[in-house]
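Below is one structure, written out as structure tokens; comments come after it.
The values are calculated or read from the model by the stated rules, or taken from the named source; none is laboratory data. The structure presented is a predicted model; accordingly, all values stated were derived computationally and were not measured. Because the Cβ atoms are built from the backbone with ideal geometry, glycine has one as well, and the counts that use them run over all protein chains shown.
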Amino acid sequence: MQSFKQSRPSLLGKIALGVCALALSSAALAEPVVSMKTSMGEIVLELDQEKAPITVANFLKYAKSGFYKGTIFQRVIDGFMIQGGGVDANLVQKRTNKPIKNESNNGLSNQPYTIAMAREDHPDTATSQFFINVNDNSGLDYPGPKGNGGYTVFGKVIKGQDVVDKIKSVVVDDVRGFQNVPVTPIVIKSVTVVKSDNAVK
């Protein structure tokens, strides 16, 4: 009777197994997840550091420093987006770090419940402010309105969509040069990292 001995893997086989293991371990690395606690409830965001590494690193730097604590959602437009992360309840602009490079050409789209960076007219001017889309805003994708570079999507809401929906529906007014400001301030109490991998510093 023929016996079947366990064969030893060849060198090529070992290399192939190693490559597979590396691929599986890379795929298993979790994207950063952050908890944004607001005066209207918690929003949990999964960030896409693979497609927007500069933007995610920038956002996490602000979050870990406590920068967002006490800032508000200062611009709310139902049917468009909710914007925050730059001014306090008195509408005083906080001092930010240097602007970052625009990463809007990353294949991610400004779809409902995605988070993207707010900026000025020039593409490379985003600092701390972000917005959460509440509609299909693919017109903001690369190359952007009038070819101005688009707005970088860097994550999505994975829990708390109902909170986003509550925020988008609040009563707003124009205050001291700011438009669409919630009459009752929507305060960001904290932004903390709840899950990350070793690539996040």
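Is there a residue in segment 117-132 that is surrounded by 14 or more Cβ atoms within 10 Å (Cβ to Cβ) and either without any contact (Cβ under 8 Å) to a residue 24 or more places away in the chain or more than 20 Å from ALA52 (Cβ to Cβ) (or both)? If you could, list the steps in order and put the result at the bottom.
At the first step, the residues of segment 117-132 found to be surrounded by 14 or more Cβ atoms within 10 Å (Cβ to Cβ) are 117-119, 123, 125-132.
Narrowing further to those that are either without any contact (Cβ under 8 Å) to a residue 24 or more places away in the chain or more than 20 Å from ALA52 (Cβ to Cβ) (or both): none.
Looking through segment 117-132, none of the residues is surrounded by 14 or more Cβ atoms within 10 Å (Cβ to Cβ) and either without any contact (Cβ under 8 Å) to a residue 24 or more places away in the chain or more than 20 Å from ALA52 (Cβ to Cβ) (or both).
Can you tell which of VAL194, VAL181 is surrounded by fewer than 16 Cβ atoms within 10 Å (Cβ to Cβ), in contact (Cβ under 8 Å) with a residue 24 or more places away in the chain and assigned to a strand (DSSP E or B)? Break it down into steps so the answer makes sense when it comes.
Values: VAL181 fails: surrounded by fewer than 16 Cβ atoms within 10 Å (Cβ to Cβ).
On inspection, the qualifying residue turns out to be VAL194.
Going residue by residue through segment 58-71, is there one that turns out to be assigned to a loop (DSSP other than H, G, I, E, B), at negative phi and surrounded by 17 or more Cβ atoms within 10 Å (Cβ to Cβ)? Reasoning before the result, please.
Filtering segment 58-71 down to residues assigned to a loop (DSSP other than H, G, I, E, B) leaves 66-70.
If we keep only those that are at negative phi too, we end up with 67-69.
Applying the additional criterion that residues be surrounded by 17 or more Cβ atoms within 10 Å (Cβ to Cβ) yields 67-68.
Among the residues of segment 58-71, at least one is assigned to a loop (DSSP other than H, G, I, E, B), at negative phi and surrounded by 17 or more Cβ atoms within 10 Å (Cβ to Cβ), which makes the answer yes.
Just to verify a result, which residue in segment 86-110, among those that are in contact (Cβ under 8 Å) with a residue 40 or more places away in the chain and surrounded by fewer than 16 Cβ atoms within 10 Å (Cβ to Cβ), is nearest to ILE43 (Cα to Cα)?
ALA89
Kindly indicate the residue of segment 26-53 that is surrounded by fewer than 16 Cβ atoms within 10 Å (Cβ to Cβ), over 25 Å from VAL181 (Cβ atoms) and not acidic (Asp, Glu) and also modelled with the highest pLDDT among those meeting that condition. Write out each step before concluding.
From segment 26-53, those surrounded by fewer than 16 Cβ atoms within 10 Å (Cβ to Cβ) are 26-30, 39, 41-42, 50, 53; that's our starting set.
If we keep only those that are over 25 Å from VAL181 (Cβ atoms) as well, we get 26-30, 50, 53.
Next, only the ones that are not acidic (Asp, Glu) stay: 26-30, 53.
Numbers: SER26: 43, ALA27: 44, ALA28: 44, LEU29: 58, ALA30: 77, PRO53: 98.
Of everything passing the filter in segment 26-53, PRO53 is modelled with the highest pLDDT.
Is there a residue in segment 152-174 that is under 19 Å from the mean Cα position of the chain (by Cα), surrounded by 21 or more Cβ atoms within 10 Å (Cβ to Cβ), closer than 19 Å to GLY85 by Cβ and small (Gly, Ala, Ser)?
yes
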